[in-house]
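The values are calculated or read from the model by the stated rules, or taken from the named source; none is laboratory data. Model, not experiment: these values are computed from the prediction. Here the Cβ positions follow ideal geometry from the backbone for every residue, glycine too, while neighbour counts run over all protein chains shown. Accessible surface areas use protein heavy atoms only, side chains included; no ligands, DNA or RNA. Shrake-Rupley method; radii C 1.70, N 1.55, O 1.52, S 1.80 Å.
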Amino acid sequence: MNDEIWMQQALLLAEKAALESEIPVGAIVVLDGEIIGEGYNAPISQCDPTAHAEIQAIRDACRRMNNYRLPGATLYVTLEPCSMCAGAIIHSRVSRVVYAAIEPKSGVVESQGQFFDAPFLNHRVDVCSGILAEAASVQLTQFFQYRREQKKKLKRQAKRNL
């Protein structure tokens, strides 16, 4: 039940990303029942390819905790982490990751590999997936549908202007 409550907060952050024309992914870091970090996708608006929701939330949490490590923390994210974010999760020592929807193209927790199970890693992460997956999937689908419609409108306008 608590996982769903926290994931709802991540979904709200994903909405903020969509409002900024970013792919709607949101993330929060929770420690001892308190949000210590939050973020949402912002690579376009920040001109920063590393500005994924997970990275933003981890950075925020580390600043607030005044520590680059987050032992005992849980990261809630609306989409399965990519390889970059999975690496940041390991390096920050997040204890648990809860994500909503799978990312079949670049997710590395289950879709394109099981990164957290790699034997060379010096930290283990507990994983829980599928929490509010449908809500996150709908959010993403609607975003990309809207984006495609906008692209079509622009093409039609460009043809009319010729």
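Could you please let me know if Ala51 is surrounded by fewer than 24 Cβ atoms within 10 Å (Cβ to Cβ), at pLDDT 95 or above and either among the hydrophobic types (A, V, I, L, M, F, W, C) or within 28 Å of Phe120 (Cβ to Cβ) (or both)? Yes: the conditions hold for Ala51.
Among residues of segment 16-28 that are crowded, with 20+ Cβ neighbours inside 10 Å, those with a beta-carbon under 8 Å from a residue that is basic (Lys, Arg) at least six positions away or on a different chain give the pairs Gly26/Lys16. Filtered by the rule that a residue be open to solvent by 70 Å² or more (accessible area, probe 1.4 Å) and touching a strand residue (DSSP E or B) at 6+ places or on another chain (Cβ under 6 Å), segment 54-64 gives a lone residue, Arg64. Return yes or no: is Ile102 open to solvent by 10 Å² or more (accessible area, probe 1.4 Å) and closer than 21 Å to Lys16 by Cβ? No; evaluated as a whole, the condition is false for this residue. The number of residues in segment 66-121 that are in a helix (DSSP H, G or I) and under 21 Å from Ala133 (Cα atoms) comes to 6. Evaluation of Met7 against the conditions (1) free of Cβ contacts under 8 Å to residues at least 40 places away in the same chain; (2) surrounded by 16 or more Cβ atoms within 10 Å (Cβ to Cβ) shows that the sole unmet condition is (1). Taken together, the criteria exclude Ser137 from residues that are under 17 Å from Ala53 (Cβ atoms), assigned to a loop (DSSP other than H, G, I, E, B) and at pLDDT 95 or above. Pairing residues of segment 144-162 that are within 27 Å of Pro24 (Cα to Cα) with residues that are open to solvent by less than 100 Å² (accessible area, probe 1.4 Å) and among the polar types (S, T, N, Q), at Cβ distances under 9 Å and at least 6 apart in sequence or on separate chains, gives Arg147/Ser21.
Only one residue in Gly87, Gly72, Gly37 is surrounded by fewer than 22 Cβ atoms within 10 Å (Cβ to Cβ), touching a strand residue (DSSP E or B) at 6+ places or on another chain (Cβ under 9 Å) and among the small types (Gly, Ala, Ser). Which one?
On the way: Gly87 fails: touching a strand residue (DSSP E or B) at 6+ places or on another chain (Cβ under 9 Å); Gly37 fails: surrounded by fewer than 22 Cβ atoms within 10 Å (Cβ to Cβ).
That would be Gly72, the only listed residue that is surrounded by fewer than 22 Cβ atoms within 10 Å (Cβ to Cβ), touching a strand residue (DSSP E or B) at 6+ places or on another chain (Cβ under 9 Å) and among the small types (Gly, Ala, Ser).
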